[in-house]
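See below for the structure under consideration.
The values are calculated or read from the model by the stated rules, or taken from the named source; none is laboratory data. Note that the structure is predicted; figures quoted are calculated from it, not measured. Glycine gets a Cβ as well: all are built from the backbone with ideal geometry, and neighbour counts include every protein chain shown.
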Amino acid sequence: MQIFSPSAAAATASYWDQMFNIWLVVAVGIYLVVALPLLYFLYRYRYRKATNELGAIEQGGHGIEVLWTVIPLIIVIYLAMQSVSFYKQQRTPPLDSLPVKAEAMMWSWSFEYPNGKKSIANLTVPVDKPVKLLMTSRDVIHAFHIPEAKIMEDVVPGRITHLWFEFNEIGEYRGYCREYCGTLHYAMLATIKVVAQEEFEEWLEQ
Ligand SMILES: [Cu+2]
């Protein structure tokens, strides 16, 4: 279900779109439950000339209290379960992922493929294939972000962090450093080139 999110070129992005849409529907639903009666009561009990009639005193009811406790509880448990399942998907690279090492340095990215091929600021990957990045930093804390894949992770010296993504459309995408890391932080970019499998294998052997 897509409501407002743009169509995504990456499988990993659709999880976030789903998540966004679920929260949006729940939030708008709750808003309407509050706002519509509010408007009605504003009109129903608007100021009128005083009369001597007194309304009945309302003592409240057990039934309705149980209702407004149990329904939100179910909604919150549902959202928590959705969040945990999305988080697991996001953090667990599929077993057939292509592992690529990434190293951040002021102010560039270098990538190393399983066959030893290295490239600078150019992450070429095959289409429809999950890619697992194993990332570390040579100097300060950076972060790798691919907006079209809706993924981001810190890149920390002395530690290996990971993220995974999969693009389903051939094309060129941008990777950014998302942690302010000095003068040329803004220029710390990488191009993610998504190509056909055969083209990727050819490139890998060059
Ligand atoms: Cu950086």
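Let me spell it out: the conditions are (1) of a type outside the set (Asp, Glu); (2) more than 29 Å from residue 19 (Cα to Cα); (3) away from the ligand (no atom under 14 Å from the Cβ); (4) modelled with pLDDT of 95 or more, and residue 110 meets all of them except one. Which number is the exception? For residue 110, the failing item is (3).
Yes or no, residue by residue, for (1) among the aromatic types (Phe, Trp, Tyr); (2) surrounded by 13 or more Cβ atoms within 10 Å (Cβ to Cβ); (3) more than 13 Å from the ligand (Cβ to nearest atom):
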{"site": "140", "(1), (2), (3)": "no, yes, no"}
{"site": "147", "(1), (2), (3)": "no, yes, yes"}
{"site": "154", "(1), (2), (3)": "no, yes, no"}
{"site": "157", "(1), (2), (3)": "no, yes, no"}
{"site": "180", "(1), (2), (3)": "yes, no, no"}
{"site": "183", "(1), (2), (3)": "no, no, no"}
{"site": "193", "(1), (2), (3)": "no, yes, yes"}
{"site": "199", "(1), (2), (3)": "no, yes, yes"}
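Just so you know, in region 159-177 the residues that are assigned to a loop (DSSP other than H, G, I, E, B) and more than 15 Å from residue 13 (Cβ to Cβ) include one that is nearest to the ligand (Cβ to nearest atom), and it is 159.
Among residues of region 136-155 that are in contact (Cβ under 8 Å) with a residue 24 or more places away in the chain, those with a beta-carbon under 6 Å from a residue that is surrounded by fewer than 16 Cβ atoms within 10 Å (Cβ to Cβ) and of a type in the set (Val, Ile, Thr) at least six positions away or on a different chain give the pairs 136/160.
Okay, residues lined up against (1) assigned to a loop (DSSP other than H, G, I, E, B); (2) over 30 Å from residue 161 (Cα atoms); (3) touching a Cys at 6+ places or on another chain (Cβ under 7 Å):
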| site | (1), (2), (3) |
| --- | --- |
| 22 | no, no, no |
| 25 | no, yes, no |
| 41 | no, yes, no |
| 51 | yes, yes, no |
| 57 | yes, yes, no |
| 81 | no, no, no |
| 96 | yes, no, no |
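For residue 88, the conditions (1) surrounded by 15 or more Cβ atoms within 10 Å (Cβ to Cβ); (2) under 24 Å from residue 13 (Cα atoms); (3) out of contact with any Cys (no Cβ under 7 Å at 6 or more places or on another chain) all hold with the exception of (1).
Only residues that are of a type outside the set (Val, Ile, Thr) and not in a loop (DSSP other than H, G, I, E, B) were counted in region 178-192, giving 5. Take the residues of region 1-24 that are surrounded by 12 or more Cβ atoms within 10 Å (Cβ to Cβ) and of a type in the set (Val, Ile, Thr): which is modelled with the highest pLDDT? Taking the candidates together, the pick is 22.
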